[in-house]
Amino acid sequence: HERHLHTDLALTLLRRLQRATRQDLKLLVMSATLDPGPVAAYLDAPVLSSEGRAYPVELRPNARQDDRPLALQVTEAVDRLFQEGLSGHVLVFLPGAAEIRACTASLGACAQRRDFRLHPLHGDLSNQAQQAALAPSDRPKVILSTNVAESSVTLEGIAAVVDSGLAREAHHSPWSGLSTLRTVRISQARCLQRTGRAGRTGPGLCLRLFTESDFRARPAFDVPELQRADLAESLLLLHGLGISNPAGLDWFEAPPRDGL
């Protein structure tokens with residue numbers, strides 16, 4: 001569904017298997033954010049498009065760049081939504097847990113004044129805390145989430161999305177051997193994916209905390225994890241499978257030689 005390191009590696013190995021001993025093997029790739037052209041060429045496969053049911057989502061980008069702290073921008077955006085009479089839940093996309101904590105603190109007074117619940121949602125939370133964010137509720141909820149809510153989970157009753165346009169990404173330097181976690185501007189494809197979360201069960205609204213010109217300047221698709229991540233685990237896995245020359249594999253978009 002998404003281009004993680006292991007999905008790219010699995011696709012490479014499955015294509016290798018298909019060409020070698022399992023010509024009967026059928027491969028189907030499904031994604032809402034993938035550029036279909038390269039993978040279709042790699043698999044020599046047709047592209048099928050399924051639009052599904054999508055309700056209209058009103059898009060409101062910022063009129064100008066806002067350099068204030070992200071927590072203040074989010075608080076103002078959420079307060080404006082409820083002031084306009086929003087009926088339903090709000091999903092706020094943030095880059096990481098630190099920003100979620102800052103926004104939770106900043107939104108406290110607004111939550112009391114507007115009578116809504118605040119729920120964080122990220123991978124490090126307990127299962128109970130994650131279920132609280134996902135559970136149906138008659139009382140309005142503001143869910144402060146990382147990119148886990150882009151495609152990994154479905155949230156019912158989302159009437160509005162507030163998109164920071166940011167995410168956390170792991171990057172690895174083959175020269176130093178060190179990995180870093182960077183806050184990056186997400187691609188246009190992921191922005192559209194986030195916007196669509198407001199149109200799952202009815203007409204919705206998306207407030208982008210960045211300008212339209214900022215959106216147009218972003219890359220169409222994200223840099224795949226295989227191109228920027230630490231490859232040590234994957235190469236050890238290949239070695240265990242008896243593949244001692246990973247550079248000789250017919251990769252789906254091969255990783256950089258320096259990384260190998």
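Structure summary
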| item | result |
| --- | --- |
| Value of Rg to Rh for the chain (Rh from inverse mean 1/r over Cα pairs, i.e. Kirkwood) | 1.02 |
| Helix 97-106 axis, angle to the chain major axis (alpha carbon atoms, nearest 10°) | 10 degrees |
| Separation in nanometres of the label points that stand 7 Å from Cα toward Cβ, at Ser244 and Asp124 | 4.2 nm |
| Among Ala97, Thr33, Ile143 - extreme Cα towards positive end, dipole of the chain, charges at beta-carbon | Ile143 |
| Spin-label model distance (nm) - Arg257 vs Arg117, 7 Å beyond Cα toward Cβ | 5.6 nm |
| Low-density loop cleavage sites - trypsin sites (Lys or Arg not before Pro) in the range 201-260, where at most 10 other Cβ are within 10 Å (DSSP) | Arg257 |
| Simple spin-label estimate for His6 and Ala40 in nanometres, 7 Å along Cα-Cβ | 2.9 nm |
| Positive minus negative residues near Leu249 (Lys, Arg vs Asp, Glu; Cβ under 12 Å) | 0 |
| Computed lengthening from Asp67 to Gln227, 0.36 nm per intervening residue step minus Cα-Cα distance | 54.5 nm |
| Euclidean distance of C-alpha centroids, the range 181-260 and the range 81-148, integer Å | 26 Å |
| Loop trypsin sites (Lys or Arg not before Pro), the range 1-80, which have at most 13 other Cβ atoms in a 10 Å radius of their Cβ (DSSP) | Arg22, Lys26, Arg53, Arg64 |
| Surface share of carbon and sulfur [accessible, 1.4 angstrom probe, percent] for the range 1-101 | 53 percent |
| Charge tally in the Cβ shell below 12 Å around Pro120, where Lys, Arg are +1 and Asp, Glu are -1, Pro120 excluded | +1 |
| Helix 70-83 vs. the chain, principal-axis angle (Cα, 0 to 90°, nearest 10) | 50 degrees |
| Debye, to nearest 20: dipole size of the range 121-247, +1 on Lys, Arg Cβ, -1 on Asp, Glu Cβ | 360 debye |
| Area of Asp222 that stays accessible when all protein chains are in place (1.4 Å probe, Å², to 10) | 50 Å² |
| Dipole magnitude of the chain about its Cα centre (Cβ charges: Lys, Arg +1; Asp, Glu -1), debye to nearest 20 | 280 debye |
| Rounded to the nearest 20 debye, dipole of the range 1-65 from Cβ charges on Lys, Arg, Asp, Glu | 120 debye |
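The values are calculated or read from the model by the stated rules, or taken from the named source; none is laboratory data. In this text the structure is predicted, and so the values were computed from the model without any measurement. Methodologically, a virtual Cβ is constructed for each residue, glycine included, from the backbone with ideal geometry; neighbour enumeration extends over all protein chains shown. Surface areas here come from the heavy atoms of the whole protein model, side chains and all, with no ligands, DNA or RNA. Shrake-Rupley method; radii C 1.70, N 1.55, O 1.52, S 1.80 Å.
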